[in-house]
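Peer 1: What follows is a single structure, and I will ask about it in a moment.
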Amino acid sequence: MLRAFPQVEVVGEARHAAEARACLQSLRPDLLFLDIHMPGETGFELLASLDAAPHVIFTTAYDEYALRAFEVNALDYLLKPVQESRLAAALAKVPALPVAAAPVPALPAAAAEPATRCL
């Protein structure tokens with residue numbers, strides 16, 4: 001779904017919390033899409049273990065953790081299956097991310113706005 005948002009550059013993906021922690025340290029993304037339940041530990045445990053965390057948008061199937069997500073300063077909380085309009089609204093909350101009125105086709109690299117790097 002993020003391909004529809006040229007202002008976002010996906011720099012990595014992780015299958016579990018330990019892999020996410022390593023990616024966060026090496027890639028230093030501006031934004032993290034984070035699930036609640038992951039192999040090894042929860043998204044909350046992962047965040048608590050970081051010295052510095054990027055902006056976070058929780059993306060999960062569990063609505064009961066929304067309040068807790070905002071208590072740890074999440075920018076947004078997306079429920080799966082994610083709707084494109086909700087994803088656009090969540091991305092609009094990312095500081096310094098160029099806001100697109102609607103998803104648009106990707107621009108050539110030379111014409112593209114600087115991308116927010118996300119994991």
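Read the figures in this text as sums done on the coordinates, not as results from a lab. Predicted, not measured: the structure shown is a model, and the values here were computed from it. Virtual Cβ from ideal backbone geometry, glycine too; neighbours counted across all protein chains shown.
Peer 1: Estimate the FRET efficiency between Arg3 and Lys93 by the formula 1/(1 + (r/R0)^6), using the beta-carbon distance for r and 22 Å for R0, to the nearest 0.05.
Peer 2: That pair, Arg3 with Lys93, gives E of 0.65.
Peer 1: Here is a follow-up. If we sort 65-74, 29-38 on the protection proxy, mean other Cβ atoms within 10 Å, highest first, what's the order?
Peer 2: Most protected by this proxy first, the peptides run 29-38, 65-74.
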